[in-house]
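The values are calculated or read from the model by the stated rules, or taken from the named source; none is laboratory data. These numbers come from a predicted model, not from an experiment. Here the Cβ is made from the backbone with ideal geometry for all residues, glycine too, and neighbour counts use every protein chain on show. All accessible areas refer to the heavy atoms of the entire protein, side chains included, with ligands and DNA or RNA removed. Shrake-Rupley method; radii C 1.70, N 1.55, O 1.52, S 1.80 Å.
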Amino acid sequence: MKKRKFLLGAVALGTAAITLVGCSGGGRGGAGGGEESAEGALVGVSMPTQQSERWISDGANVESSLQDLGYEVDLQFANDDIPTQVQQIEAMITSGARALVIAAIDGTTLTDVLQQAADADIPVIAYDRLINGSENVDYYTTFDNYQVGVQQATSLLTGLGVLDADGNDTGATGPFNVELFAGSPDDNNALFFWDGAIDTLQPYIDSGVLVVPSGQTQFEQAAILRWLPETAQERMENLLTVIGDTRLDGVLSPYDGLSIGIISALTSGGYSADDLPVITGQDAEVGSVQSIIAGEQYSTIFKDTRELGERAVTMVDDLLNDKEPEVNDTETYDNGVKVVPSYLLESVIVTADNYQEVLVDSGYYTEDDLQ
Ligand code: BGC
């Protein structure tokens, strides 16, 4: 932890929200409302997995906010299994769902089932992860995923002492040894995180301030299918073998679950808990915030799932009441068939210095949750 310069205050680097109202939802916006009343309508909510806290909170937030507005909710988790997710969505359509909120496991596998939804005039909101290759995605709500990657890399550089707390270059020359991890290649977000991170790190790699000892600098080499902690642990173990005696100063990790696997590999590979490299993360999951407080993981990216849930629910409510949902981005998220009108939220870098203010004072966690 010696070299680390802590980042003071939350750095919300998200783009200024430009609010564009009234963009077309592809012709089906409001279709679910039709002539029927929205009151008590059934809404299907399909989440990828319960293996990660964030998706459990996402599911619970969306469900309760919809219920508060009087909707019936069919909330399903698909255990990270694609056929299960498809079946669950089909069942929602069959049981008369009037709108669908979907966080896809693999963004390319829902084309057929979304055609069924379109045939039944059911609007679809892609939740956090873009659904690719289908015209039948009406709206998308997520965080500014490129900025999440920028924030991950920025906190890595801050932890290494290459940037100061204000984001200015300190002139540190390193060289610092870092290894790079990416998320699941079938999750559209993973590439955005990677691009944001690499665009931020590349100048330092080019100038020799950062060195990637394994030479594995391609997304395909760094990607961890399905975001599995055990796969990240295995890759980190292999990297330690490849790089031999070279000591690592930093690891870019795009998700807290992967960071846990990476830390396990490092502590069983000769690093002590108080001399770990600077390790990043994402989602501010309880175990990882505890690890940050204990001085093991360095940073995470907090994405307030309460806000995301609210946004998705407002979109559903608007669609079912024949109102155009509000969006603030109509350019970034091209799913291969169309640019999906999106509402992007901002994320915040969290370290030991600001977790209290960002996570506890905001009521996201209690102090007791983090004990
Ligand atoms: C989400 C991240 C999450 C990851 C793994 C991504 O699609 O945007 O917040 O860490 O999936 O669950």
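Once the Cβ-Cβ distance between Gln115 and Thr241 is put in as r, and R0 is 35 Å, what FRET efficiency do you end up with, to the nearest 0.05? Show your work: numbers first, answer last.
Working: r = 47 Å, r/R0 = 1.34.
That pair, Gln115 with Thr241, gives E of 0.15.
Once you reduce segment 132-191 and segment 326-366 to the center of their Cα atoms, the two points are 13 Å from each other. Rounded, prolate or oblate: pick one for segment 267-312, where a ≥ b ≥ c are the square roots of the eigenvalues of its C-alpha gyration tensor, a/c under 1.5 means rounded, and failing that, prolate if a/b is larger than b/c, else oblate. Since a/c reaches 1.5 and a/b is larger than b/c, the shape of segment 267-312 is classed as prolate.
Think of it as helices only: each DSSP H run of n ≥ 4 in the chain is worth -39500 (n - 2.57), and spread over all residues that comes to -11000 deg cm²/dmol at 222 nm.
What is the chain's relative contact order, in percent, from Cα pairs under 8 angstrom and six or more apart in sequence? Please report the intermediate quantities before stating the final value.
Values: 825 pairs, mean separation 89.9, N = 371.
Contact order relative to length: 24 percent.
Classify segment 145-302: rounded, prolate or oblate, from the alpha-carbon gyration tensor (a ≥ b ≥ c, eigenvalue square roots; a/c under 1.5 rounded; otherwise prolate if a/b is larger than b/c)? Intermediate results must be reported in sequence, preceding the final value.
Details: a/c = 1.18, a/b = 1.09, b/c = 1.09.
It is rounded, given that a/c, with a ≥ b ≥ c, falls under 1.5.
Sorting check: for 325-334, 280-289, 346-355, which peptide has the highest mean count of neighbouring beta carbons within 10 Å, and how do the rest follow?
Working: 325-334: 17.5, 280-289: 24.0, 346-355: 21.9.
For the peptides 325-334, 280-289, 346-355, the packing ranking is 280-289, 346-355, 325-334.
Along the axis of the charge dipole computed for the chain (Cβ charges of +1 for Lys and Arg, -1 for Asp and Glu, origin at the Cα centre), the listed residues Met236, Ile224, Asn132 are led at the positive end by Met236. In a simple Cβ point-charge model (Lys, Arg +1; Asp, Glu -1; nothing else charged), the chain has a dipole of about 980 debye relative to its Cα centre.
How would you classify the chain from its alpha-carbon gyration tensor, with a ≥ b ≥ c the square roots of the eigenvalues: rounded for a/c under 1.5, else prolate if a/b is greater than b/c, otherwise oblate?
Numbers: a/c = 2.00, a/b = 1.92, b/c = 1.05.
The shape class here is prolate.
Farthest toward the positive end of the dipole of the chain, out of Gly295, Ala197, Leu210, is the Cα of Leu210, where the dipole comes from beta carbon charges about the Cα centre. How big is the antiparallel share of DSSP beta bridges in the chain, given as a percent to the nearest 5? Rounded to the nearest five, the antiparallel share is 20 percent. When the Gaussian network model of the chain links Cα atoms closer than 10 Å, the mean-square fluctuations of Asp80, Asp128, Asp206 top out at Asp206.
I want the antiparallel fraction of DSSP beta bridges within segment 145-302, as a percent rounded to 5. Intermediate values should be presented prior to the final figure.
On the way: 1 of 9 bridges.
About 10 percent, rounded to the nearest 5.
For the chain, modelled as a GNM whose springs connect Cα atoms under 10 angstrom apart, the maximal fluctuation among Ser272, Ser64, Ser291 occurs at Ser272. Between helix 229-243 and the chain there is an angle of about 30 degrees, using the helix long axis and the longest principal axis of the Cα atoms. Largest GNM mean-square fluctuation among Ser134, Ser268, Ser65, using the chain with Cα springs under 10 Å: Ser268.
Students sometimes get this wrong: rank Arg306, Arg247, Arg129 by accessible area, probe 1.4 Å, all chains present, largest first. It would help to have the intermediate numbers written out before the result.
On the way: Arg306 80, Arg247 110, Arg129 20 Å².
Per-residue accessible area, sorted high to low, gives Arg247, Arg306, Arg129.
Here the relative contact order of segment 252-337, from alpha carbon pairs under 8 Å that lie six or more residues apart, stands at 24 percent.
Taking amide H as placed 1.01 Å from N in the peptide plane, Val73 has its amide H under 5 Å from the amide H of Val43, each at least 5 places away in sequence or on another chain.
Of the options Pro341, Leu370, Asn328, report the single residue whose Cα projects farthest towards the positive end of the charge dipole of segment 326-371 (beta-carbon charges: Lys, Arg +1; Asp, Glu -1). Checked the options; the winner is Pro341.
Sequentially through segment 271-288, phi angles give Karplus couplings (6.51, -1.76, 1.60; θ = phi - 60°) of 8, 8, 4, 9, 9, 7, x, 6, 10, 9, x, 6, 4, 6, 6, 3, x, 7 Hz, Gly and Pro residues having no value and appearing as x. The portion of the accessible surface of segment 145-302 made up by carbon and sulfur, rounded to a whole percent, is 49 (1.4 Å probe; DNA, RNA and ligands excluded).
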